[in-house]
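S.K.: This is the structure I have questions about; it appears just below.
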Amino acid sequence: MLDILNIIALIFVPIFAVVVGQKMQDRAQKRNDKMQIFKILMTSRIFGWTNESVQAMNLIDIVFADDEDVRKQWKICFDKMCVENPTKTELSKIKTEREKLLETIAKSLGYKDIITWESIQNPYIPKGMTELMAQQQAYQKNQSVIMEQMKNNIMHTNGKENENGQTENAHAE
């Protein structure tokens with residue numbers, strides 16, 4: 001009888017160990033995926049939208065399929081974001097819902113008492129970085145203005161061509 005139990009143990013214990021190990025590995029991977037989304041959304045909250053944050057948000061329904069609270073808050077947040085030309089009030093509501101989403105994900109990951117509403121609302125961003133971002137935005141805006149002026153000048157010049165394809169300024173030379 002003892003020999004039969006030993007044989008059964010030799011057969012089933014390794015199978016059981018593999019099944020349990022696979023379940024633990026799957027669980028760890030799911031947590032890593034959730035953590036990755038959370039980290040991306042936490043770091044991107046200071047910059048607004050990034051390619052990574054949009055991709056992360058599009059994965060929430062899949063990665064948090066087992067968490068109804070996160071999916072429900074994501075739906076609320078998504079509904080707020082689906083405004084074509086949001087007003088300042090709507091932008092404020094979008095920001096609040098994104099922060100609530102972060103709070104809900106933090107709770108889901110077990111950070112209820114560690115990551116607070118206040119810490120979500122107050123990200124660290126050095127003054128020099130905000131100044132650099134403002135300079136870059138101003139530079140991009142100025143580039144757009146210059147490009148628009150150049151486009152208008154080219155169109156204006158092209159409109160002054162005479163019959164033989166030369167501009168009026170060409171006759172003055």
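Readers should treat all values here as calculations from the given coordinates under stated rules, not as data from a laboratory. Since we're looking at a predicted model, the values are computed, not measured. Please note: Cβ atoms are built from the backbone with ideal geometry, for glycine as well, and neighbour counts cover all protein chains shown.
S.K.: May I ask you to derive the relative contact order of the chain, considering only C-alpha pairs under 8 Å and at least 6 residues apart, and to give it as an integer percent?
M.R.: Details: 74 pairs, mean separation 26.6, N = 173.
Worked out over the chain, it gives 15 percent.
S.K.: Can you give the convex hull volume per residue for the Cα atoms of the chain, as a whole number of Å³? Can you show the working numbers first?
M.R.: Numbers: hull volume 46.0 nm³, N = 173.
With only Cα atoms used, the chain gives 266 Å³ per residue.
S.K.: Taking the Cα centre of each part, how many Å lie between region 122-145 and region 10-75?
M.R.: Going from one Cα centre to the other spans 33 Å.
S.K.: Going Cα to Cα from Lys88, which lysines come in below 26 Å? Please leave out same-chain ones fewer than 8 positions away.
M.R.: Partners found: Lys72, Lys75, Lys80, Lys100, Lys127, Lys141.
S.K.: Would you work out the Kirkwood radius for region 37-99? I mean one over the mean of 1/r across all pairs of different Cα atoms, in Å. Could the numbers behind the result be given before it?
M.R.: Working: mean 1/r = 0.0822 Å⁻¹.
With all distinct Cα pairs of region 37-99 included, I get 12.2 Å.
S.K.: Expressed as an acute angle from 0 to 90° and rounded to the nearest 10, what is the orientation of the C-alpha long axis of helix 51-63 relative to the principal long axis of the chain?
M.R.: So the inclination is approximately 30 degrees.
S.K.: Now for a different question. Treating the angle as unsigned and between 0 and 90°, give the value, to the nearest 10°, between the Cα long axis of helix 68-81 and the longest Cα principal axis of the chain.
M.R.: The answer is roughly 10 degrees.
S.K.: What ranking, highest mean first, results for peptides 127-140, 34-47 when packing means the other Cβ atoms within 10 Å averaged over each residue? Write out the running numbers ahead of the final one.
M.R.: Working: 127-140: 10.2, 34-47: 16.9.
Order by mean packing, descending: 34-47, 127-140.
S.K.: Hey, another quick one. Once label points are set 7 Å from the Cα along Cα→Cβ at both Met1 and Lys141, what is their separation, rounded to one decimal in nm?
M.R.: Result for the modelled spin labels: 8.8 nm.
S.K.: Calculate how steeply helix 127-158 sits against the longest principal axis of the alpha-carbon atoms of the chain, using the helix alpha-carbon long axis, and give the answer as 0 to 90 degrees to the nearest 10.
M.R.: Compared with the principal axis, the helix lies near 40 degrees.
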